[in-house]
Amino acid sequence: MPIVTDSQRSATRTQVRQAITQQNRHLPSIALSVTLLIAVTFTLLTLFSLLARIVTQAIPAFSERGASFLSGTIGSEPDKVGIWPGLFGSFAIGVGVLLIAVPLGIGAAIYLEEYAEQNRLNRFVVVNIRNLAGVPAVIYGVLGLIIFVGWLKPVTNGGTVVAAALTLAILVLPVVIITSMEAIRAVPMGLRDAGYGVGASRWEVTRDHVVPYAMPGILTGTVLALARALGEAAPLIMIGAITGLLPETSLSGKFTAIPMLIYSWSGRPDSSGGNIGWSNAAAGAGLVLLALVLVFNIIGIFLRNHFEAKRVGT
Amino acid sequence: MNGLLAVADLSGDPRRRAHDRRMQRLLGSSAFITIIISALILFVLARGSIDFLKSIGWDLGVLRDSSKAPGWFPRRERFDLITIVMGSVLMGSIAMLVAVPLGLGTAVYLSEFAPTRVRKILKPIVEVLAGIPSVIVGYFALKFIAPNIVDPIFSPDQSRNMVVAGLAIGVLVIPIMASISEDALRAVPSSLREASYGIGARKSTTTIRIVLPAAVSGIVAAFIIATSRAIGETMVAAMAGGRDGSGPRVLDPLEPGLTMTAAMTNAAGGTDQVNSGAPFQVLFFVGLLLFMMTMGLNVIGDRFVQRVRQQY
């Protein structure tokens, strides 16, 4: 009598075939895959419905108003408003962040990665930077309100776009430092050793080898920081950005920025009158903000690719 | 000189060394500015809080409204902290109910299941979601989540309420939850997975019994850091929360509510407001409380992240 009967053999054969061709339905596996796919689908759906809602609501603002939506000033009638004061404010904030946060941030990152000894003080500095990155934006608003609007009034003229740029520069400084530190840390040690080997000083090695090599990562961090600064509204509310009337834009007067316009306009009720309601105006401003943020991301990716191609070439 | 090299010969041109030291001082001072920033934040918040406590005459009873209808009414000098802390906690909890399943699910899919091709497309999309400014998510809350999701399902009395704000804050922290957990999952060495496959475990078993437990400290870190962000989120809570600077203490999430952050922006208020007195100064006190809460969460979260780094 055979140890394995024919029926057993054929049963095993089908079992193995099913396992190999993945026809065996294992319920927990399917359940897990389905759950994960649902999660991913919901995440994507959220993003796409958000973009779709902004774009469809923004279309009337642009098709009816055209360029005057960009060049007009803010006011109390949704079909006459424009976002020029917001564009001006956001542009000035962007320039301020570039001028203040980027050099400071890269400098700090170079110091912490290239110069600083591993002692308690420097470890504390790094931990402190990590903590600063997690401080809510609204707290930076309090800081800006007291320091830049209050104490530094002779420099900033109070709640102006200069105070806003300083506040947001401080807000994104930890982001610039952390991303630059990561980029500098990724530079191979051999590059530095080669520099020291031919007698270069620490600063010469840093300037000529480490920073150029780390540039793609530093630039990506810079661009992300810029995008973050352009989208923040909470600190601007704290330091007194306005949303009502702003006849003229200047560096020394009252100011507003695109996110402030979206904040203010989306809260206003849509009257059934004109073709463009407040929600269309808010979506129009939102589309401009999204476009700016996306453009900065694309610039970042482009620069990174450019630098990487150059590095391979040399 | 006896023909031997001295230390001075090897240390190079003194001018170059002096330049190097100058650069070190310059770079070092930019690093230490961050310490000054932290000190200033603490100083500003602490000084403002003391001013606030002085102007309410150190009467801490004001901070816990014990009247029949307790609430946060700064204009009437009724600062019921429970109201705004509860608002933050309620909206934060709703946000995490959204962000944990969606964020963690996306992370597990990206790290364990997605083919390389899908991953290459999906990961940048999640990063785009992370870059969307919070005012835009606030707009989305008012013009999509409220009318199309919350109103039809729950039919609340007012279309701006804590559920709407909570869901939108959840959308905002999904990418944080997803990216930190994905880092943790990918840090699990593949030898663990291979060992599991080697003894005949399925992919689902390997994921649930091996990979997730191995990455648990990173996932906890993701949860804590995302919670901290949710509590600190301002714009969405101010836009969709439904209260303008004052409101009663409520437990029902379908009612409008006030977070600590929204209370702060409202206290800073309009442009021509007189910036003095307890109704204004309370923003420093709330700010200090918020600062300590988020800082505590961040420090604990960072501990967990470090633990992941040390493990593998």
Next on the checklist: Once R0 is set to 25 Å, what does the formula 1/(1 + (r/R0)^6) return for the Cβ-Cβ distance between A:TRP151 and B:GLU77, expressed as a FRET efficiency to the nearest 0.05?
Outcome noted: 0.35
Checklist entry - For the range A:168-226, what size does the Cα cloud have along each of its three principal axes, sorted from largest down, in whole Å? => result 42, 17, 13
Next on the checklist: For the range A:147-277, what does the convex hull of the Cα positions come to per residue, in cubic angstrom?
Outcome noted: 153 Å³
Item to check | Amide H partners (placed H, <5 Å) of B:ARG78, local residues excluded | outcome: B:PHE73
Next on the checklist: Under the rule of at least 5 residues apart or a separate chain, name every residue whose amide H is placed under 5 Å from the amide H of A:ILE74.
Outcome noted: A:GLY82, A:LEU246
Next on the checklist: With only alpha-carbon atoms in the gyration tensor, what are the semi-axes of the equivalent ellipsoid for the range B:12-55, in Å, largest first?
Outcome noted: 42, 6, 4
Checklist entry - What is the distance in Å between the Cα centres of the range B:158-183 and the range B:187-211? => result 31 Å
Checklist outcome for this item: Checked chain B against the a/c 1.5 cut and the a/b vs b/c comparison, axes a ≥ b ≥ c from its Cα gyration tensor; verdict oblate
Next on the checklist: I need the calculated FRET efficiency for the pair A:VAL95 and B:ARG21, taking r as the beta carbon distance and R₀ as 22 Å, to the nearest 0.05.
Outcome noted: 0.10
Next on the checklist: Tell me the net charge near B:ILE199. Cut-off is 13 Å between Cβ atoms, B:ILE199 excluded, with +1 for each Lys or Arg and -1 for each Asp or Glu.
Outcome noted: +2
Checklist entry - Given N residues in the range B:137-240, what is Rg(Cα) / (2.2 N^0.38 Å)? => result 1.46
Checklist outcome for this item: With the 8 Å Cα cutoff and a minimum separation of six or more residues, chain A has a relative contact order in percent of 25 percent
Item to check | Estimated 222 nm signal from helices in chain B, with DSSP H stretches of n ≥ 4 weighted -39500 (n - 2.57), rounded to 500 | outcome: -21500 deg cm²/dmol
Checklist outcome for this item: Taking N as the number of residues in the range B:191-306, the ratio of its alpha carbon radius of gyration to 2.2 N^0.38 Å works out to 1.61
Next on the checklist: If you average the alpha carbon positions of the range A:16-90 and of the range A:139-218, how far apart do those two centres end up, in angstrom?
Outcome noted: 33 Å
Item to check | Length gained when the stretch A:ALA67-A:ALA194 is fully extended (0.36 nm per residue, less Cα-Cα span) | outcome: 40.2 nm
Next on the checklist: Just to be sure I understand the rule: take each whole DSSP H helix in chain B, project its Cα atoms onto its long axis, keep it if the span is 27 Å or more and its mean Kyte-Doolittle hydropathy is at least 1.0. Which ones pass?
Outcome noted: B:81-108, B:162-186
Checklist outcome for this item: Ranked from fewest to most other Cβ atoms within 10 Å of their own Cβ, A:SER201, A:SER68, A:SER7 fall in the order A:SER7, A:SER68, A:SER201
Checklist outcome for this item: quick shape note, the range A:62-127: Cα extents on principal axes in Å, largest first -> 61, 17, 17
Checklist entry - Which whole number in µm²/s is D for the protein assembly as shown by Stokes-Einstein, with the Kirkwood Rh taken over Cα pairs at 4 °C and 1.567 mPa s? => result 48 µm²/s
Checklist entry - Based on the alpha-carbon gyration tensor of the range B:1-141, what equivalent-ellipsoid semi-axes (square roots of 5 times the eigenvalues) come out, in whole Å, largest first? => result 52, 36, 12
Next on the checklist: Compute the angle between helix A:278-313 and the longest alpha-carbon principal axis of chain A, please, reported from 0 to 90 degrees and rounded to the nearest 10.
Outcome noted: 60 degrees
Checklist entry - A:VAL205: net charge of surrounding residues, Cβ under 11 Å, Lys/Arg +1, Asp/Glu -1, itself excluded? => result -2
Item to check | Full-stretch length increase - A:ASP6, A:GLU77 - with 0.36 nm per residue and alpha-carbon distance subtracted | outcome: 17.0 nm
Checklist entry - Among A:SER250, B:SER196, A:SER279, which comes first, second and so on when ranked by fewest other beta-carbon atoms within 10 Å? => result A:SER250, B:SER196, A:SER279
Checklist outcome for this item: Of all C-alpha pairs within chain A, those more than 31 angstrom apart amount in percent to 51 percent
Next on the checklist: Could you work out how much longer the chain between B:SER155 and B:ILE125 gets when fully extended? Use 0.36 nm per residue separation minus the Cα distance between them, nm to one decimal.
Outcome noted: 7.6 nm
Checklist outcome for this item: Over the Cα atoms of the range B:188-244 the radius of gyration and the largest Cα-Cα distance (Dmax), both in Å, equal 18.9, 60
Checklist entry - For labels at A:VAL127 and B:ALA69 in the simple 7 Å Cα→Cβ model, what's the distance in nm? => result 4.9 nm
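Taken together, the values in this text are just the output of simple stated rules run on the coordinates, not laboratory data. Predicted model only: the values in this text are computed from it and were never measured. With ideal geometry, Cβ positions are generated from the backbone for all residues, glycine too; neighbour counts draw on all protein chains shown.
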